[in-house]
Amino acid sequence: MNIIRRPRRNRQSAAIRDMVQETRLSVTDFILPVFIVDGQKVRTEVTSMPGIHRLSLDLLLEEIQECMDLGVKSFDLFPNIAESKKDKYATESYNPDGLYVNAIRAIKDRFPDAVVMTDVAMDPYSSDGHDGIVENGKILNDPTLEVLGKMALAQAQAGADIVGPSDMMDGRVGYIRQVLDEGNFHDVAIMAYTAKYASAFYGPFRDALDSAPKFGDKKTYQMNPANSREALIEAQLDFAEGADFLMVKPALAYLDIIKLLKDNFHLPITAYNVSGEYAMIKAAAQRGWLDGDRAMMETLLSIKRAGATSILTYFAKEAARLL
Ligand code: PBG
């Protein structure tokens, strides 16, 4: 047969395949999201996220030690707040002696080399379960910014390295940047949830935090999954307002958006491999329908191949073990 181009030549041995491999995962790519809850020695598995637990601070510190030993050094903290501490204005979110802020302080105290990223959004603390202040069934944009500013400032004061506004209010990156700079926190970075879609894949996360909206949905602030050009508008704004990272969320159903932002912006692009994406693989693996480890690594690799510089993923620890 006269076939001049034979792509299989570059696949014929493991060594050659390794040599031509374009994308490689590294433990340094990962940011592990962790769930913190009040109390001591508390370790409750999230039913819809096998292997992921809500941890009290003492056990969270142990978990972080294990991750650090595996080379995973970046963590994104999310709080499970008691219903009794939630209110309309999410005031607990900037309590200087609250669960969340104390956790940041304790982690940075014990692990100065770890990167602590925070979540800036009202939903875990809001009695309405929304990311903004609710008035007559509407989410108010500008008054919400004031709450987000207080939250980000409290987190910076506690020692956070990166704050992560996940709320999708307009103008929040610029507002938070200004508040941080006025507080002399010029070195605290902002990882903007730039293209965060109104997705069905956040379900297990809302179980973990008991943070589902009490009414309606998040479609007036999170993006329509049908749109990609709109992601460019969000990215332009976040860039102009001073974001240090642009994030796409979820990751798997939005690989094209990761690529789009990668091709058009020169900031690091982060992808959030969200709770529902984790749950799908875990559920299928538990039934023996998928090889869980292989599906996990292929998923993470695909996110990196699409253009992500780093990946927020609940698989971080497991993947680090395999790497
Ligand atoms: C809320 C927030 C959500 C996630 C991170 N921050 C959920 C939501 O918008 O309802 C989802 C993360 C995941 O599903 O893993 N500000």
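The values are calculated or read from the model by the stated rules, or taken from the named source; none is laboratory data. Keep in mind that this is a model prediction, so the values were computed, not measured. Using ideal geometry, Cβ is built from the backbone for each residue, glycine included, and neighbour counts are taken over all protein chains shown. Surface accessibility is based on the protein's heavy atoms, side chains included, excluding ligands, DNA and RNA. Shrake-Rupley method; radii C 1.70, N 1.55, O 1.52, S 1.80 Å.
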Exercise. If you go through segment 38-84, how many residues are in contact (Cβ under 8 Å) with a residue 60 or more places away in the chain and among the β-branched types (V, I, T)?
Worked result: 5
Problem set entry | Test: residue in segment 73-92 that is in a loop (DSSP other than H, G, I, E, B), more than 18 Å from V37 (Cβ to Cβ) and under 20 Å from the mean Cα position of the chain (by Cα) | yes
Problem set entry | All positions within segment 117-137 that are touching a residue at least 40 places away in the same chain (Cβ under 8 Å) and more than 16 Å from the ligand (Cβ to nearest atom) | G137
For this session: For segment 26-49, name all the residues that are surrounded by fewer than 18 Cβ atoms within 10 Å (Cβ to Cβ) and assigned to a loop (DSSP other than H, G, I, E, B).
Result: S26, D38, G39, Q40, K41, V42, T47
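Okay, residues lined up against (1) part of a helix (DSSP H, G or I); (2) under 17 Å from the mean Cα position of the chain (by Cα):
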{"site": "M168", "(1), (2)": "no, yes"}
{"site": "R177", "(1), (2)": "yes, no"}
{"site": "L180", "(1), (2)": "yes, no"}
{"site": "H186", "(1), (2)": "no, no"}
{"site": "Y202", "(1), (2)": "yes, yes"}
{"site": "F215", "(1), (2)": "no, no"}
{"site": "L246", "(1), (2)": "no, yes"}
{"site": "D263", "(1), (2)": "yes, no"}
{"site": "G276", "(1), (2)": "yes, yes"}
Exercise. Are there any pairs, at least 6 apart or on different chains, whose C-beta atoms fall under 9 Å, with the first in segment 220-241 and of a type outside the set (D, E) and within 16 Å of the ligand (Cβ to nearest atom) and the second open to solvent by 40 Å² or more (accessible area, probe 1.4 Å) and part of a loop (DSSP other than H, G, I, E, B), and if so, which?
Worked result: Y221/D170
For this session: Search segment 288-305 for residues that are over 11 Å from L322 (Cβ atoms) and pair each with any residue that is open to solvent by less than 80 Å² (accessible area, probe 1.4 Å) and of a type in the set (D, E) when their beta-carbon atoms are under 8 Å apart and the residues are at least 6 apart or on different chains.
Result: T299/E277; K304/D29
Seminar exercise, completed: If you go through G174, G242, the only one that is farther than 30 Å from M49 by Cα and in contact with an Asp or Glu (Cβ under 7 Å, 6 or more places away or on another chain) is G174
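Among the residues of segment 291-300, is any in contact with a Ser or Thr (Cβ under 6 Å, 6 or more places away or on another chain), outside any helix (DSSP H, G or I) and either within 16 Å of the ligand (Cβ to nearest atom) or not basic (K, R) (or both)?
The first filter runs over segment 291-300 and keeps only residues in contact with a Ser or Thr (Cβ under 6 Å, 6 or more places away or on another chain), leaving none.
No, segment 291-300 contains no residue that is in contact with a Ser or Thr (Cβ under 6 Å, 6 or more places away or on another chain), outside any helix (DSSP H, G or I) and either within 16 Å of the ligand (Cβ to nearest atom) or not basic (K, R) (or both).
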Seminar exercise, completed: A253 vs (1) surrounded by fewer than 16 Cβ atoms within 10 Å (Cβ to Cβ); (2) within 19 Å of the chain's Cα centre (by Cα); (3) assigned to a loop (DSSP other than H, G, I, E, B): all pass except (3)
For this session: Output yes when any residue across segment 78-101 is away from the ligand (no atom under 16 Å from the Cβ), farther than 27 Å from K214 by Cβ, at pLDDT 95 or above and surrounded by 15 or more Cβ atoms within 10 Å (Cβ to Cβ), and no when none is.
Result: no
Seminar exercise, completed: Flagged in segment 273-290 as within 13 Å of the ligand (Cβ to nearest atom) and either among the hydroxyl-bearing types (S, T, Y) or surrounded by fewer than 19 Cβ atoms within 10 Å (Cβ to Cβ) (or both), in numbering order, are S275, Y278, M280
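Determine whether A320 is in contact (Cβ under 8 Å) with a residue 60 or more places away in the chain, part of a helix (DSSP H, G or I), of a type in the set (A, V, I, L, M) and away from the ligand (no atom under 16 Å from the Cβ).
Values: in contact (Cβ under 8 Å) with a residue 60 or more places away in the chain: yes; part of a helix (DSSP H, G or I): yes; of a type in the set (A, V, I, L, M): yes; away from the ligand (no atom under 16 Å from the Cβ): yes.
In short, yes.
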Exercise. Quick one: would you say T194 is within 28 Å of V37 (Cα to Cα), outside any helix (DSSP H, G or I) and more than 10 Å from the ligand (Cβ to nearest atom)?
Worked result: yes
